[in-house]
Each structure stands twice: as C-alpha cells, then as structure tokens.
C-alpha cells in the first residue's frame, strides 16, 4: 500500500529538508493492524503525545489519530508505522518556529515471526552494544536509533530471535525491539527507563493488566544477577505480544505459568 | 540549487524507506564551498570513511568524492551538505545485505554569521543538555543528533552565538556545532572524544597545523575547572573557522595571541 505524507499519497518520497532525515528529529510508533483496526491505539497515541511534548514538537494529535484510523482501515491487516518529525528546516540544528511537523504513515505486511517463538520461547543473543544513559531521551521512541541498528547487526544466526541490551553501567534494560520482564517469586519486574530504553506500549499495557490481576509489579533497576536468578523471563512488544525467553548465554529458564497467563492477556490485547 | 540523490537531481525528495529517516542510520559532512571548490575535502572524506567503517556502511568513496567535486563546481559558493545513509530497508532494525548506501548532496547559501563573532569573539550559552557517553558512536558525525537539537533549542537570544556542551559526567566537551579549544600556558587543549562528541574536521586540521608550528597539543579530558583557568578559549568548525570565546556564565577571557594566530591559519585553510 502506498505511504501517506501529511495525509496525501506520497509516491514513497519524503522531503530532503526533513529534520527526521537530517537529525533523527522525530518520533515513531509501530502499530499492529487487524480487520482495519489499529491495536492499542490509545497507548500509542499517549506515548507519541508524551514524546512530542518532551521534544517540543507541536503535532496535532487529533489529525494524526484520525489519519491512523483511516490508513489502518485502508490497510486491513499488517503493521502500520507512523513517523512524526519536526518537519522541514534550513541548515543547522535550530528549528524554524514556523516548521510544521510532518506525519508519515507506512504499511508493511503482518509480521512473519515463527509461531514457535511464542509457543516454545526464544533464545536471546548477548549484545555487546550498550545503551548510553541519556535521561532527556530515555523512554521515547525517537528516531535516533543507531544503538539498536548496531546491536541488531551483531548477530545473523536465526537461532536468536532477539538480543539483550544492557546500559553502559551494566544494568539489564530491554531487547533490541522489545521490552523485558522478569518473574521472581510470583512478582513481575521490568527495567526502570529513566536513563535509557524505549517505554513500549505492550509493556505499559501489561503493567496495567498485571495490576488488575493483583500481580505485584516492580519498575526498577535490574542487575545481571537478578536476571540470572529469575524464575521466568519474557519479552514483549505491541506487534508480536509475548515471547518467553528460554535461553541466554549459559542460562536457561522454563516457560513459566505467569508468562503463559500474561501471554494470554497480550493475545487478547492484540485481537479485535 | 537542486539537491542530488545518488548523483541525480532529486526534486527535493528522498525515499520514505531510507534508514536515514527511519533510524538516523547514516553520516553527514558539512563543507564550505568557495570558487567551486569543496574546502578541506580530504579531511571530510577521511572522517566519512572512518564513520562508514565504524557503522559498517559500504559506500563508494571514489564516487562520493567525484560527486562532491562536481556538485561544488556547480554550486560555486556556499555550504554543501553531504548525507550518506545505509540506504533503504524493510521494517525492522536489521539491514538488508543488498541495501545500497544512499548519498544526498544539498546546497545552502554561504553561512551568514556576524563578522564580529570572529573579530571580537562570542558569548557562550551554558547548555543544560548533556552528551550521553556512547563510545561506539563517539567522534562520528552521524545522523542521531537529538542531543544537539535539544541543546540548540535551549536559547533564542542572539547574544549567544554558540552553546557549551558537557557530558553526563560533567566533562567539558564541545559546542553544539563546533569543537572547543583551551589555551593554557601556551599549550593547546581539546577534549578527548572517546566517549561522546563530534571529531570536527577543523579541529583535526588545527591539531596538525599546531604540531607543524611546534605548539604543544593535548587531547585529553577537560574539567570545568580547567575551562575556568584557561588563558584563552575558542571554538572552531569547518564553515566559519575560529571564533574566540569572550564570555561564558560569569567567566570572561581576552582574545589571546594563540587564538589570533590559529585564526589566521584557519582562514588560510578556508581560502582557495
């Protein structure tokens, strides 16, 4: 399906003056679309609004929301990528106050991950690329993603479905394109993302759902030792739901009951 | 003048699938052009090659060099921006091995900075935005530049021509779009850029020229205390040459003799 730029079919081209290209000056969201519906739309729009606010990009969320709805309707099924940039500018980091934020909508086919990832769990690669600590950008799904590009380029072996990223201080943070949860003594742990990492929409949804279910949740710094001692480990994102982690380096975990329970919830969240 | 994409006039549009837009997955160079000549071309091409090597972008530097020469010839005078991205890819951080790096050439008018910046020196803004420490990307002029965007957005008052950036540990690193040098007891000091910062082409040229002139040079960590105790302070880049720093917060410096000497050298480097 053809992309849209600012609501118009775009012939797959964007402005060369766009600050998204020049500086990665923008944000994105990746939404699963089923039966013409963008899933978890409220949470995606919330995160986008928070990102725009922190980067001082004044985008019209009402217009974006209605465009996403219309585009998803036209797509039917697949993955919808929404990019919002600060728009065009002249040379130099200083943004023109008149710059109009640009919105770009792109369609991809449904994600084609092996069903075994969700059923049997996955093996996690040990990424050498560390996440730098930058509180001003932490949590945002912004367009400065060279760390993820470098991390993802570390392995080609399809035996690894994802890679584990630590920060430069060695804390356990997330996957390259997923958030990470640990289970220990029936409680749920996920990394605090005040210094780095992307605050995923599925992570947010699962934290809410866990609270509803009365499951203790801890958003906190996670050491490698805690990872080692976890009873269960899983990854999540808003496209594939939940993948149990079965193996990482010499460590292994069973696919545990809390992972299976939350996986059922994630499946419901990604259904229409 | 019209931009070129992969050697062709581009009607100001780039591919929406370009990883430069999606992830800031690429590098750039900003060259002064005079009398149809791109200045400091060898150093720009060297830095680009180092960046491509570290990001594993396999670009054809011979083609890029000849395009830059032809484009500069057509421009005559102004600022030439060269962007090299990893090219197009499908959704996801993983790059396609067949992806062809893309090169984009853009022309801007000559930089219009007040002559007083160079003559009388400038006042430096104290940026609250800190540079995160990421050794894998340090020194590169890559397209992940949100830190500079945030820092440059901190001030609108034209009394400040540039802003000082420290790293998250408080070390003095650089300007938002310049490198910084200190003079102390006749020696030259500039920040070591192993953890963060952009290794500017004018910085590299000045380090070479200083060696030729027998001026002691130290590429090292610089504390705020060292900045405070400097005899002279100046900023440089490959478009404007050298600006003496006269004032920062409550501190002030004279425009000193070594700054003036190097300013003369920088002027020669930016002449044809």
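Structure above, values below:
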| quantity | calculated |
| --- | --- |
| Residues of segment A:93-107 satisfying the condition of being in contact with a strand residue (DSSP E or B) (Cβ under 9 Å, 6 or more places away or on another chain) and assigned to a loop (DSSP other than H, G, I, E, B) | A:96, A:99, A:100, A:101 |
| Residue in segment A:142-152 that is buried (at least 20 other Cβ atoms within 10 Å of the Cβ), in contact with a strand residue (DSSP E or B) (Cβ under 6 Å, 6 or more places away or on another chain), outside the structural domain of residue A:82 (by TED's automatic domain parsing) and part of a loop (DSSP other than H, G, I, E, B) present | yes |
| Members of segment B:129-139 that are in contact with a strand residue (DSSP E or B) (Cβ under 9 Å, 6 or more places away or on another chain) and facing another protein chain (nearest Cβ under 9 Å) | B:129, B:130, B:131, B:132, B:133, B:134 |
| Among the residues listed as A:93, A:71, the single one being buried (at least 20 other Cβ atoms within 10 Å of the Cβ), under 28 Å from residue B:15 (Cα atoms) and more than 12 Å from chain B (Cβ to nearest Cβ) | A:71 |
| Members of segment A:155-179 that are in contact (Cβ under 8 Å) with a residue 60 or more places away in the chain and not in a loop (DSSP other than H, G, I, E, B) | A:161, A:162, A:164, A:175 |
| Residues (assigned to a helix (DSSP H, G or I) and more than 26 Å from residue A:37 (Cα to Cα)) located in segment A:237-272 | A:257, A:258, A:259 |
| Criterion: within 13 Å of chain A (Cβ to nearest Cβ) and without any contact (Cβ under 8 Å) to a residue 60 or more places away in the chain - qualifying residue of B:79, B:58 | B:58 |
| Residue within segment A:108-128 that is assigned by TED's automatic domain parsing to the domain that holds residue A:220, part of a loop (DSSP other than H, G, I, E, B), in contact with a strand residue (DSSP E or B) (Cβ under 7 Å, 6 or more places away or on another chain) and crowded, with 22+ Cβ neighbours inside 10 Å present | yes |
| Qualifying residue in segment B:24-36 (condition: within 14 Å of chain A (Cβ to nearest Cβ) and either modelled with pLDDT under 95 or assigned to a loop (DSSP other than H, G, I, E, B) (or both)) | yes |
| The one condition in (1) within 13 Å of the chain's Cα centre (by Cα); (2) in a loop (DSSP other than H, G, I, E, B); (3) crowded, with 22+ Cβ neighbours inside 10 Å that residue B:195 fails to fulfil | (1) |
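The values are calculated or read from the model by the stated rules, or taken from the named source; none is laboratory data. Remember, it's a predicted structure, so these values are computed and weren't measured experimentally. A quick note on method: Cβ atoms are made from the backbone with ideal geometry, for glycine too, and the neighbour counts reach across all protein chains shown.
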